[in-house]
1. Given a cut-off of under 8 Å on Cα pairs at least six residues apart, what relative contact order in percent is computed for region 20-84?
2. With each pseudo-label sitting 7 Å past Cα toward Cβ, what's the residue 26-residue 49 distance in nm, one decimal?
3. Exposure proxy check: 73, 44 ranked by fewest other beta carbons within 10 Å?
Amino acid sequence: MKFEDPIASEEMLGESDWDDQDLLTIGEASTRLKAEIAHCESLVRELESDPAGVSALAQMRSRLAGLNKCLDVVRAGPSRLAYP
């Protein structure tokens with residue numbers, strides 16, 4: 001299995017329209033994380049069927065776990081630190 005090169009953010013999102021702030025809403029962050037998680041899950045399934053992909057499988061599972069932790073944080077919403 002051959003991994004694709006990461007997609008540049010400009011290519012994914014188009015040219016930045018950054019003005020004063022360029023922040024994601026919780027909904028946008030959740031949507032993007034879910035899409036990336038689905039992509040990683042697909043790669044994990046492919047790697048599980050490829051005996052030569054043991055190292056890549058471990059890395060992808062680690063990435064998937066990290067993305068799921070991020071999604072949990074996003075779903076929990078802002079912490080009390082966000083409110084002075």
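Every number in this text was worked out from the coordinates using simple rules, so none of it is lab data. Keep in mind the model is a prediction, meaning the values are calculated, not measured. Neighbour counts are summed over all protein chains in view; Cβ atoms, including those assigned to glycine, are modelled from backbone coordinates with ideal geometry.
1. This gives 42 percent for region 20-84.
2. Distance between label points: 3.8 nm.
3. 73, 44
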